[in-house]
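The values are calculated or read from the model by the stated rules, or taken from the named source; none is laboratory data. The shown structure was predicted, so the numbers you read here are calculated from the model rather than taken from an experiment. Here Cβ is always computed from backbone atoms with ideal geometry, including for glycine, and neighbour counts include all displayed protein chains.
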Amino acid sequence: MVILAILASLVMPLMQMSTIRSREIELHRNLRIIRSAIDQFKKSYDQAVLSNKILQSTDKSGCPETLQQLVDGYDFGGLYPNKKKFLRRIPPDPMNPPPPGQEPKWGMRSYADKPDSAIWGGEDVYDVYSLSEGTAIDGTKYKDW
């Protein structure tokens, strides 16, 4: 029994660390998915401006107005035959999961916000970050990823 207790005490921290590591990998992946979708939206917006489908505006950066716009789609002035959608759904933040039945929440920054701003300006969505105050295995804060 003592041997089993010793083995269990060695295995438990490894299992906990592996669970945390898998959630960190999921966070990296979800951030990459959302940021890629934002970049693709911006690229399509710029193409619509170059094709004279949308008039260039000084008060618009070309980024989506909300994360939901990446899911609902945008027509870019007829650049595409249908609304172009960039995400099927908004991926959840594994370090700050939403309560059941609620939409995932991410920290957002607009194009006009400072790179380390913790308050969203509301004009558009230029970047996303985790709302978790936790610290990663490597010692960095999840919200700084």
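If we keep just the residues of segment 43-88 that are of a type in the set (Val, Ile, Thr) and surrounded by 15 or more Cβ atoms within 10 Å (Cβ to Cβ), which is nearest to Met108 (Cα to Cα)?
Residues of segment 43-88 that are of a type in the set (Val, Ile, Thr), as a first pass: 49, 54, 58, 66, 71.
Checking the rest, the ones that are also surrounded by 15 or more Cβ atoms within 10 Å (Cβ to Cβ) come to 49, 54, 71.
Working: Val49: 25, Ile54: 25, Val71: 16 Å.
Once the filter is applied, the top-ranked residue is Val71.
Keeping to segment 91-136, report how many residues are assigned to a loop (DSSP other than H, G, I, E, B), touching a residue at least 40 places away in the same chain (Cβ under 8 Å) and among the acidic types (Asp, Glu).
Of the residues in segment 91-136, 3 are assigned to a loop (DSSP other than H, G, I, E, B), touching a residue at least 40 places away in the same chain (Cβ under 8 Å) and among the acidic types (Asp, Glu).
Consider only pairs whose beta carbons are under 6 Å apart and that are at least six residues apart or on different chains; among these, list those whose first residue lies in segment 37-63 and is at pLDDT below 90 and whose second residue is small (Gly, Ala, Ser).
Note: pairs meeting the criteria are Lys53/Gly77; Lys53/Gly78; Ile54/Ala48; Ile54/Gly77.
Only residues that are in contact (Cβ under 8 Å) with a residue 24 or more places away in the chain, surrounded by fewer than 14 Cβ atoms within 10 Å (Cβ to Cβ) and aliphatic (A, V, I, L, M): list them for segment 21-32, please.
none
Out of segment 89-104, which residues are buried (at least 16 other Cβ atoms within 10 Å of the Cβ) and out of contact with any Ser or Thr (no Cβ under 7 Å at 6 or more places or on another chain)? I'd like the intermediate steps shown before the answer.
Filtering segment 89-104 for residues buried (at least 16 other Cβ atoms within 10 Å of the Cβ) gives 90-96, 104.
Residues satisfying the conditions are Ile90, Pro91, Pro92, Pro94, Pro104.
Kindly check whether there is at least one residue in segment 59-70 that is assigned to a helix (DSSP H, G or I) and either over 22 Å from the mean Cα position of the chain (by Cα) or of a type outside the set (A, V, I, L, M, F, W, C) (or both). Explain how you work it out, then say what you get.
Looking only at segment 59-70, we keep the residues that are assigned to a helix (DSSP H, G or I), and these are 68-70.
Among the residues that remain, those that are also either over 22 Å from the mean Cα position of the chain (by Cα) or of a type outside the set (A, V, I, L, M, F, W, C) (or both) are: 68-69.
Within segment 59-70, one or more residues are assigned to a helix (DSSP H, G or I) and either over 22 Å from the mean Cα position of the chain (by Cα) or of a type outside the set (A, V, I, L, M, F, W, C) (or both).
Go through (1) of a type in the set (A, V, I, L, M, F, W, C); (2) on the phi > 0 side of the Ramachandran plot; (3) surrounded by fewer than 17 Cβ atoms within 10 Å (Cβ to Cβ) for Ala118 and report which single condition fails.
(2)
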